[in-house]
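The block underneath contains the structure these notes are about, expressed in structure tokens.
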Amino acid sequence: MPPQKVGAETRIVQFTNCRILRGHTLLREDLWIRGGRILDPEKLFFEEKRSADEQRDCEGHILAPGFIDVQINGGFGVDFSLPSEDVGSGIALVAKNLLAYGVTSFCPTLVTSPPDIYHKVLPQIIVRNGSSQGAGVLGVHLEGPFISHEKRGAHPESHLRTFETDAFQELLKTYGSLDNVAIITLAPELRRSYEVIREITSRGICVSVGHSVSHLREAEEAVQNGATFITHLFNAMLPFHHRDPGIVGLLTSDQIPPGRQVFFGMIADGIHTNPAALRIAHRAHPKGLVLVTDAIPALGLGNGRHTLGQQDVEVDGLTCCVAGTKTLCGSVAPLDACVRHFLHATGCSVEMALEAATLHPAQLLGIEKQKGTLDFGSDADFVVLDDSLNVKATYIAGELVWQDKTLSH
Amino acid sequence: MRLVILDNYDLASEWAAKYICNRIIQFKPGQDRYFTLGLPTGSTPLGCYKKLIEYHKNGDLSFKYVKTFNMDEYVGLPRNHPESYHSYMWNNFFKHIDIDPNNAHILDGNATDLQAECDAFEKKIEEAGGIDLFVGGIGPDGHIAFNEPGSSLVSRTRLKTLAMDTILANAKYFDGDLSKVPTMALTVGVGTVMDAREVMILITGAHKAFALYKAIEEGVNHMWTVSAFQQHPRTIFVCDEDATLELRVKTVKYFKGEH
């Protein structure tokens with residue numbers, strides 16, 4: 001082949017000596033990238049008759065799709081629910097620091113807040129692709145204020161709301177705009193919730209049930225009206241009861257509309273969920289399990305007192321409580337640590353553990369054609385992991401955006 | 001001919017791979033001097049391909065100046081179908097070595113004008129200076145490539161309807177469903193392979209024993225098209241013990257050098 005000037009967009013990079021997660025298995029295959037997307041090398045060989053411009057040796061490591069966190073309240077001192085003048089910088093700081101945890105896309109989460117905060121903060125959070133500057137923003141996760149009083153957890157009581165009066169309009173008035181919103185968590189036992197759920201999902205926004213005292217029947221009805229997610233399973237909901245499993249019963253419900261499935265978030269930080277409970281949930285419905293961090297601003301900062309929305313939070317090791325109480329208040333375990341904990345606690349396969357942080361959240365958001373897999377044509381957001389699933393390097397759109405200092409290449 | 005008998009499949013595969021490797025290296029291929037190799041598919045050559053890949057990964061063998069011509073391809077099967085011969089060659093060989101994609105030739109079973117595709121293939125072989133070494137296998141019905149019983153022994157690259165034996169043998173690759181197996185293929189002719197300067201036929205397994213017997217101990221016959229190579233000046237048959245089960249003891253002893 002005669003030497004040719006290859007532009008960045010057409011440059012073909014072949015990652016060799018690696019195992020890639022594809023088709024639910026770890027395969028001994030090379031990963032080919034071009035123009036920020038995963039390339040089909042067979043098609044390239046036979047149709048374009050081209051080879052790679054560059055080969056990169058991955059030293060036998062695992063290549064997995066970049067991790068996706070659909071519930072994260074802040075980190076590194078940044079609180080997404082704080083009405084700052086420059087929310088964008090906060091998002092950017094978190095996005096940049098998340099790269100070290102293998103996270104390539106996330107949903108900034110806002111806890112229960114008064115309407116003026118939503119009106120100030122939401123317009124400043126834009127859906128955007130990841131880059132060397134940081135992980136991509138998939139859209140905002142609004143957790144509250146339309147939640148149960150009894151199961152509010154760390155959410156401030158004074159700002160809880162219902163949509164009895166105006167249903168969806170109430171929701172719209174509270175939030176201001178739904179333009180960059182990806183997920184809304186609400187309690188389905190609130191009156192008129194089903195019509196609200198229908199309206200929200202018709203706009204392509206995912207509805208999650210959580211912070212709720214609903215029984216299984218109500219939760220099933222919510223799903224039939226369009227809800228597809230459960231916010232941090234087990235936490236902030238009625239406990240499983242054998243005659244009324246509550247929201248937990250959705251994992252094995254036979255009332256799910258055909259062709260749809262319910263996903264459920266799990267905080268696998270070793271604090272929020274007992275390993276036995278993690279195993280029960282995993283075994284009951286493995287394909288629906290989505291690992292989330294529910295991380296708070298103290299993520300990455302260590303022990304001490306921090307804030308979350310309108311609340312003060314005390315952090316000790318991995319445990320975060322509303323200051324002066326024993327009420328759990330988010331987590332400081334990074335997503336890659338959750339993947340490792342999940343793997344050990346459940347004894348599941350490496351593939352399943354990885355898919356819980358990649359494929360499943362992508363499927364929840366309906367973006368599995370671009371994110372969450374290493375299928376041909378999808379975005380080249382991926383992580384290089386060692387056999388213990390420690391992050392060695394992070395790539396977004398085929399570009400190296402973070403690297404463990406000890407890695408050679 | 002030469003008949004090389006190895007104890008088992010792995011040794012036969014290794015012997016064949018070493019032979020090909022040495023041929024290429026001794027040829028000293030370069031910028032203006034390509035080594036042309038004819039290649040088969042199927043289960044028999046898999047071990048040989050694995051060995052060749054190993055030699056390449058060890059740094060002992062480069063395919064940079066090698067041109068390859070595959071024997072055949074199904075008609076009507078999408079190129080990226082897992083059972084197409086394009087998929088086979090990509091997964092089992094091409095993706096592991098340093099061959100230039102422009103030099104890897106496989107017949108296109110989805111060409112609009114199939115005969116023109118075959119003619120063009122013959123031309124490409126001619127333009128490459130002919131084949132230095134054509135590696136092939138043998139079907140249970142004694143066919144070489146898809147030159148089914150009854151094929152002309154001087155045939156050229158063309159469209160062929162597959163024999164029932166072949167379709168049955170291939171069913172295992174299509175979920176055991178006969179209706180899914182392609183019924184036609186493009187194939188190099190017996191004459192095309194006979195034109196090669198050297199031919200190496202790989203035959204392993206007891207199920208090929210009868211075909212081998214017919215091919216080398218009986219006469220040249222268009223019902224067992226591999227028998228045509230009795231009239232080629234430089235052919236090697238590489239087998240394992242099982243493939244020799246239908247041969248006369250005298251033949252085997254002669255070629256093992258035991259007398």
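The values are calculated or read from the model by the stated rules, or taken from the named source; none is laboratory data. Bear in mind the structure is a predicted one, so any value in this text is a computation, not a measurement. Glycine also receives a Cβ, built like all others from the backbone with ideal geometry; neighbour counts cover every protein chain displayed.
Quick rundown of the values:
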item	result
Residues of the stretch A:164-180 satisfying the condition of being farther than 15 Å from A:G204 by Cβ and not aliphatic (A, V, I, L, M)	A:E164, A:T165, A:D166, A:Q169, A:E170, A:K173, A:T174, A:Y175, A:G176
Test: residue in the stretch B:131-138 that is more than 12 Å from every other protein chain (Cβ to nearest Cβ), in contact with a Phe, Trp or Tyr (Cβ under 7 Å, 6 or more places away or on another chain) and modelled with pLDDT of 95 or more	yes
Complete set of residues in the stretch A:344-372 that are in a helix (DSSP H, G or I) and not aliphatic (A, V, I, L, M)	A:H344, A:T346, A:E351, A:E355, A:H360, A:P361, A:Q363
Which numbered condition A:L63 misses (of (1) buried (at least 17 other Cβ atoms within 10 Å of the Cβ); (2) within 14 Å of chain B (Cβ to nearest Cβ))	(2)
Unique match (being in contact with an Asp or Glu (Cβ under 9 Å, 6 or more places away or on another chain) and surrounded by fewer than 20 Cβ atoms within 10 Å (Cβ to Cβ)) among B:I53, B:I25	B:I25
Residue in the stretch A:296-316 that is assigned by TED's automatic domain parsing to the domain that holds A:G144, within 23 Å of A:P65 (Cα to Cα) and touching a Leu at 6+ places or on another chain (Cβ under 6 Å) present	no
Residue among A:L98, A:L44, A:L82 that is away from chain B (no Cβ under 14 Å), out of contact with any Asp or Glu (no Cβ under 8 Å at 6 or more places or on another chain) and surrounded by 16 or more Cβ atoms within 10 Å (Cβ to Cβ)	A:L82
Hits in the stretch A:131-176 - residues which are touching a helix residue (DSSP H, G or I) at 6+ places or on another chain (Cβ under 9 Å), of a type in the set (K, R) and in a loop (DSSP other than H, G, I, E, B)	A:R161
Some residue of the stretch A:334-343 being surrounded by 24 or more Cβ atoms within 10 Å (Cβ to Cβ), assigned to a loop (DSSP other than H, G, I, E, B) and at pLDDT 95 or above	yes
Selected residue (criterion: surrounded by the fewest Cβ atoms within 10 Å (Cβ to Cβ)) from residues of the stretch A:16-30 that are within 13 Å of chain B (Cβ to nearest Cβ) and out of contact with any helix residue (DSSP H, G or I) (no Cβ under 9 Å at 6 or more places or on another chain)	A:R28
Selection from the stretch B:60-103 of residues that are in a loop (DSSP other than H, G, I, E, B), more than 12 Å from chain A (Cβ to nearest Cβ) and β-branched (V, I, T)	B:V75
Within the stretch B:104-125, tally of residues that are within 14 Å of chain A (Cβ to nearest Cβ), closer than 16 Å to B:Y34 by Cα and buried (at least 18 other Cβ atoms within 10 Å of the Cβ)	2
